[in-house]
1. Need pairs with beta-carbon distance below 9 Å; first residue open to solvent by less than 100 Å² (accessible area, probe 1.4 Å) and within the range 80-91, second among the acidic types (Asp, Glu) and in a loop (DSSP other than H, G, I, E, B); sequence gap 6+ or separate chains.
2. Taking the range 198-210 on its own, how many of its residues are of a type outside the set (D, E, K, R) and either at pLDDT below 95 or farther than 13 Å from Tyr232 by Cα (or both)?
3. Can you spot a residue in the range 137-153 that is within 13 Å of Lys225 (Cα to Cα), modelled with pLDDT under 95 and open to solvent by less than 70 Å² (accessible area, probe 1.4 Å)?
4. With respect to Phe192, determine if the residue is more than 16 Å from Lys237 (Cα to Cα) and touching a Ser or Thr at 6+ places or on another chain (Cβ under 8 Å).
5. When you check Gly206 against the structure, is it farther than 22 Å from Leu123 by Cα, out of contact with any helix residue (DSSP H, G or I) (no Cβ under 7 Å at 6 or more places or on another chain) and open to solvent by less than 50 Å² (accessible area, probe 1.4 Å), yes or no?
6. Answer yes if at least one residue in the range 109-119 is within 21 Å of Lys233 (Cβ to Cβ), at pLDDT below 95, among the β-branched types (Val, Ile, Thr) and within 43 Å of the chain's Cα centre (by Cα), and no otherwise.
7. Among the residues of the range 160-170, how many are in contact (Cβ under 8 Å) with a residue 24 or more places away in the chain, aliphatic (A, V, I, L, M) and either part of a helix (DSSP H, G or I) or crowded, with 17+ Cβ neighbours inside 10 Å (or both)?
8. Considering each of Gln220, Gln149, Gln157, Gln228 in turn, give the residue that is under 24 Å from Leu123 (Cα atoms), free of Cβ contacts under 8 Å to residues at least 40 places away in the same chain and polar (S, T, N, Q).
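The values are calculated or read from the model by the stated rules, or taken from the named source; none is laboratory data. If you're wondering where the values come from, they're calculated on a predicted model, not measured in any experiment. Here Cβ is always computed from backbone atoms with ideal geometry, including for glycine, and neighbour counts include all displayed protein chains. Accessible surface is based on the protein model in full, side chains and every heavy atom, while ligands, DNA and RNA are left aside. Shrake-Rupley method; radii C 1.70, N 1.55, O 1.52, S 1.80 Å.
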Amino acid sequence: MGANSIAKTRASFAARPVGLALALCGVLCAALCSCRKKTEKPLEEYTPLSKTASDLSSQADWAYEIEGDRLSKKIDSFEAISRSVPLSPLTMAALEGGFPMRGVYPDLNGFENLDTSGLQGELLETVRAFCQAYIDFTKEPQEKDENGQAKEKDSAQVDAFFYSKTLFSLSLFLADSKDAGPFEDFVVGRPFVGDDLIEIPVRFSGKKNFLFCKLYPVSQGDAWKIQQIEIYKSEAKNGSGKADRN
């Protein structure tokens, strides 16, 4: 074989890999283009979420708006809070924290707290009516008989509020307190309410003295009566109208 033939043969073998590579590249490109055409889909129409929400809202059946201005309305008062107390987050937190929604009652120096919320309405009315009848009794002038002796006062108005079977307790009370009056007003303190006993403190106040008593009521059907009354303290007033504890 001549030298020229050998050179041509070598050139032919050297050119084959390049041709094969180009052929393979052509086949792969054709395949890829074919797959892409098959998998591509047209883009769907895009709808903004805001438009979707607006459409749903317009198509929905909404309930009637009861308090439309609740979130924008300025609240400057609250039913359970006095108008003298400024509204603040701390105020509302205290209210929502389980504090009892009840009045605040003062403690009367030398006496009791003035919270009478533990008494039923009818019972409290009876106690007040009895105390007023007693005050009126102490203000009645002392009449004298023909011998100049003091007559016994008519206590019928006071007796009417007392339990008929224990009127002796009232008689003892009137006798023990006759020199302490007359009285001008009274206050009722916080009661002790037990299973079978109610004890109600009362303070009578006059120009000269304080008289501290305890009332023990009893229920008679639909009415209340005072079953017993006792004096547990008496104090003279000083010039300022306060009790003299010296």
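1. Once the first residue is open to solvent by less than 100 Å² (accessible area, probe 1.4 Å) and sits in the range 80-91, its partners that are among the acidic types (Asp, Glu) and in a loop (DSSP other than H, G, I, E, B) give Leu87/Asp76.
2. 5
3. Scanning the range 137-153, I find no residue that is within 13 Å of Lys225 (Cα to Cα), modelled with pLDDT under 95 and open to solvent by less than 70 Å² (accessible area, probe 1.4 Å), so the answer is no.
4. Judged against the criteria, Phe192 is not a match.
5. Considered against the rule, which asks whether it is farther than 22 Å from Leu123 by Cα, out of contact with any helix residue (DSSP H, G or I) (no Cβ under 7 Å at 6 or more places or on another chain) and open to solvent by less than 50 Å² (accessible area, probe 1.4 Å), Gly206 comes out as yes.
6. Yes, because at least one residue in the range 109-119 is within 21 Å of Lys233 (Cβ to Cβ), at pLDDT below 95, among the β-branched types (Val, Ile, Thr) and within 43 Å of the chain's Cα centre (by Cα).
7. 1
8. Gln157
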